[in-house]
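First up is the structure itself, then whatever we jot down about it.
Every read-out reported here was derived from the displayed coordinates using simple, explicitly stated rules and does not represent laboratory data. Not measured: the values here are computed from a predicted model. Neighbour counts run over all protein chains shown; Cβ positions are idealised from the backbone, glycine included.
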Amino acid sequence: MSPLKKIFSIKKNSEPEAVRPQEDNLKKIKLTFFESGYGSSKQAEGNHMVFKACLQDVYMDYKGKCREDERLQKSLKEPYVQERSKYEIELKKRKTARVILEETIGKLEEKIQRFKSEIADVKHNPEKYVEDVDKKPKAQFYLGLIVLIPITFYLLVFYISASYSAFFKTFDPDDEISAAIFDANALSKAIADGWLEGVFVATIPFAFMGLGYLIHMFQKHKNWLSYVKIGTLFVVTFIFDAILAYQIEKKIYDFDKTLNSPPFDVGIAFTSPEFWGIIFAGFVVYIIWGLVFDFIMKEYDNFDKIKSFIRSKREDIENARQEISKLISKINPIKEEISGIEGKINDLQRTIDGFIFSNKHYLTYHAEYVKGWFLAIADNFDSLKRRDELLAKCREEERKHLEEHEIADESYEGRLYKLIN
């Protein structure tokens with residue numbers, strides 16, 4: 001074993017470190033370095049080239065022992081181990097956040113697929129998704145509409161003609177009974193008589209249709225008050241039709257009466273077939289129109305329920321997509337943070353797997369070795385010139401040595417030798 005290696009093996013020949021005071025042990029090591037430097041300098045007569053080689057030898061031997069000193073390495077690496085632990089905790093938090101966001105995105109994507117499936121299926125199985133809906137509301141709606149349109153035209157023609165005949169028409173002796181009720185030119189004649197007469201005759205049918213619409217709306221509320229309102233509307237409609245029939249029948253009666261004919265009254269009207277014919281030509285068809293209208297409105301409600309269901313699901317899909325976009329905008333920075341943290345952890349792990357050269361410890365022993373070397377020069381050379389020359393050259397070699405190994409700063413704890421994968 002070389003003298004330098006014996007220096008670093010001094011612990012093996014001394015008391016166990018657990019028993020020996022640390023300061024005493026450090027003093028012994030320093031003294032041994034001092035003695036080694038003194039002896040080597042005396043033997044080499046202070047030669048600066050030998051000094052350079054000795055410094056390199058001391059450095060390499062210390063470097064090897066520093067690598068093998070598990071306790072020292074553990075102490076030097078402790079800050080890096082703690083820093084790695086902090087990053088690992090942060091990494092776990094980021095990964096947990098990413099998993100939660102990814103699971104949320106996955107659930108939203110599943111919802112979107114389910115909504116799309118429901119939109120496709122509701123057209124074939126509407127009762128599965130919408131309460132109180134018929135399987136084929138669209139077909140029944142159009143069939144009802146086909147029936148309603150001609151009945152609506154009939155009511156328009158009937159009430160325009162009947163209202164004109166009842167309130168404005170003057171009967172001609174050549175007119176037949178049917179012409180008294182159905183006048184093909186009733187609207188144009190009413191307009192010719194005045195714009196108020198025209199507006200009145202033209203809007204009378206819509207009043208009846210409005211009553212039909214109210215009946216449909218009242219039927220949506222299944223309570224006694226709604227039924228009272230519906231009954232009242234039917235009575236009002238019947239009375240209005242009776243008034244039209246009475247006025248028309250009165251004009252016909254007055255036109256055909258003789259001197260012996262009694263005055264026209266309600267009794268005569270109720271016994272007249274034409275009176276009841278006019279009522280049923282209007283009121284009965286009006287009831288049929290109301291029933292058909294109510295039917296197609298219900299079918300439209302069914303159809304509209306399906307459309308509303310589809311519309312709501314499409315809104316849900318759009319909302320889910322917007323939420324996914326927001327989550328993706330949150331998850332991307334987290335992924336970048338995870339990548340950065342993993343890089344830092346890998347870098348710290350390479351440091352932990354490598355070793356740390358302790359500049360601070362080395363400089364302590366280095367200083368003692370140099371002190372011994374320089375003292376030997378001072379003690380063994382009487383010539384001041386020669387002594388100063390050797391000291392200057394040795395100081396220059398020491399400076400180069402420290403700069404070469406980047407260990408001139410004693411406050412710098414250590415240099416990292418990372419494990420290269």
**Study point:** Rough spin-label spacing in nm, given labels placed 7 Å along Cα→Cβ, for Leu225 and Asp382
**Key:** 13.5 nm
**Study point:** Phi-based couplings in Hz for segment 194-204 (Karplus 6.51, -1.76, 1.60; Gly and Pro marked x)
**Key:** x, 5, 5, 4, x, 5, 4, 5, 6, 8, 3
Practice item. Using R₀ = 56 Å, calculate the FRET efficiency as 1/(1 + (r/R₀)^6) where r is the Cβ-Cβ separation of Lys42 and Gln82; round to 0.05. Key: 0.75
Revision key, fill the gap. Which of Lys65/Lys92; Lys63/Lys93; Lys74/Lys95; Lys42/Lys77; Lys77/Lys400 exceed 31 Å between C-alpha atoms? The answer is Lys65/Lys92; Lys63/Lys93; Lys42/Lys77
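Order of 40-50, 189-199 by packing, highest average Cβ count within 10 Å first?
Details: 40-50: 17.6, 189-199: 14.6.
With the highest mean Cβ count within 10 Å placed first, the list reads 40-50, 189-199.
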**Study point:** Under-5 Å amide H pairs with Ile407, H placed in peptide plane, nonlocal only
**Key:** none
**Study point:** Calculated from backbone phi, Karplus (6.51, -1.76, 1.60) coupling profile of segment 87-104 in Hz, x at Gly/Pro
**Key:** 5, 5, 5, 4, 5, 4, 4, 5, 5, 4, 4, 5, 4, 4, 5, 5, 5, 5
Check your understanding: Between segment 265-338 and segment 59-91, what is the C-alpha centre distance in whole Å?
Key -> 76 Å
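Given segment 266-381, what count of lysine pairs have C-alpha atoms under 23 Å apart, with each pair 8 or more places apart or on different chains?
8
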Study note, to complete from the structure: The ³J(HN,Hα) series, computed from each phi in segment 351-367 with the Karplus coefficients 6.51, -1.76 and 1.60 at θ = phi - 60°, rounded to the nearest Hz and given as x for glycine or proline, is 5, 5, 6, x, 8, 10, 8, 7, 4, 4, 5, 4, 4, 5, 6, 4, 5
